[in-house]
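Worksheet: one structure, shown below.
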Amino acid sequence: VLPGAGDALGAGIGLLGVFAAFRLRAHPVVIARMLLNLAVDSIIGSIPLLGAIADIFYRAHTRNLRLLRERDVRAPRASDWLWVGGAAVLFVMALALPIVLLFVLVELLR
């Protein structure tokens with residue numbers, strides 16, 4: 001129906017893991033990496049055909065679970081939260097990508 005909708009839904013569900021990381025007080029860099037994994041998965045998934053094939057090999061949720069299990073013991077710095085903010089912005093942009101591509105496609109077909 002809508003290209004990338006399934007990947008956006010999967011990324012949205014993946015946010016549950018990110019919220020769990022916040023609740024477990026995971027290191028900010030771990031949270032940023034989790035968001036980046038979800039963003040990459042969403043971007044790759046928005047590419048027709050290639051995205052379906054790539055989903056077999058790039059498993060963002062599995063990677064995020066592994067990140068949560070491998071606790072980072074360093075003390076967080078304030079700058080680490082900048083990485084989280086940047087990763088969050090990239091994540092939102094990745095979710096918007098299929099919608100933007102759909103609008104571009106519609107305009108090209110006019």
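The values are calculated or read from the model by the stated rules, or taken from the named source; none is laboratory data. Predicted model, so just to flag it, every value in this text is computed and none were measured. Glycine also receives a Cβ, built like all others from the backbone with ideal geometry; neighbour counts cover every protein chain displayed. Remember, those area values only see protein heavy atoms, side chains included, never the ligands or the DNA or RNA. Shrake-Rupley method; radii C 1.70, N 1.55, O 1.52, S 1.80 Å.
Cα axis of helix 80-109 to longest principal axis of the chain: angle in degrees, 0 to 90, nearest 10?
Between helix and principal axis, roughly 10 degrees.
Would you mind getting the accessible area per residue of the stretch 31-110, heavy atoms of the protein chains only, 1.4 Å probe, in Å²? Walk me through the numbers before you get to the answer.
Values: 5570 Å² over 80 residues.
Accessible area per residue: 70 Å².
Only one of the values [x] 15.3, 55; [y] 14.5, 46; [z] 13.8, 39 was calculated from this structure for Rg and Dmax of the Cα atoms in Å; name its label.
[x]
With a point put 7 Å past each Cα toward its Cβ, work out how far V104 is from L16 in nm, to one decimal.
With each label point 7 Å from Cα toward Cβ, the separation is 3.2 nm.
Can you tell me how the stretch 22-70 classifies by the Cα gyration tensor, rounded, prolate or oblate, using a/c under 1.5 as the rounded cut? Please report the intermediate quantities before stating the final value.
Working: a/c = 4.11, a/b = 2.37, b/c = 1.74.
In terms of gyration-tensor shape, prolate.
What shape does the stretch 62-102 have by the C-alpha gyration tensor, where a ≥ b ≥ c are the square roots of the eigenvalues, rounded means a/c under 1.5, and otherwise prolate means a/b greater than b/c and oblate the rest?
Numbers: a/c = 7.76, a/b = 1.73, b/c = 4.49.
Since a/c reaches 1.5 but b/c is at least a/b, the shape of the stretch 62-102 is classed as oblate.
Would you mind putting 31-40, 70-79, 87-96 in packing order, based on average other-beta-carbon counts within 10 Å, highest first?
Most protected by this proxy first, the peptides run 31-40, 87-96, 70-79.
What is the percent carbon and sulfur in the accessible area of the chain, measuring with a 1.4 Å probe over the protein chains and ignoring ligands?
After summing per-atom areas, the C and S share lands at 72 percent.
What is the dipole size for the chain, taken about its Cα centre, with +1 at each Lys and Arg Cβ and -1 at each Asp and Glu Cβ, in debye to the nearest 20?
Charge dipole, the chain, about its Cα centre: 480 debye, nearest 20.
Where in the stretch 66-97 does the amide nitrogen come within less than 11 Å of the point 7 Å from the Cα of L24, taken along Cα to Cβ?
Once the point is set 7 Å along Cα→Cβ of L24, 66-72 turn out to lie under 11 Å by backbone N, inside the stretch 66-97.
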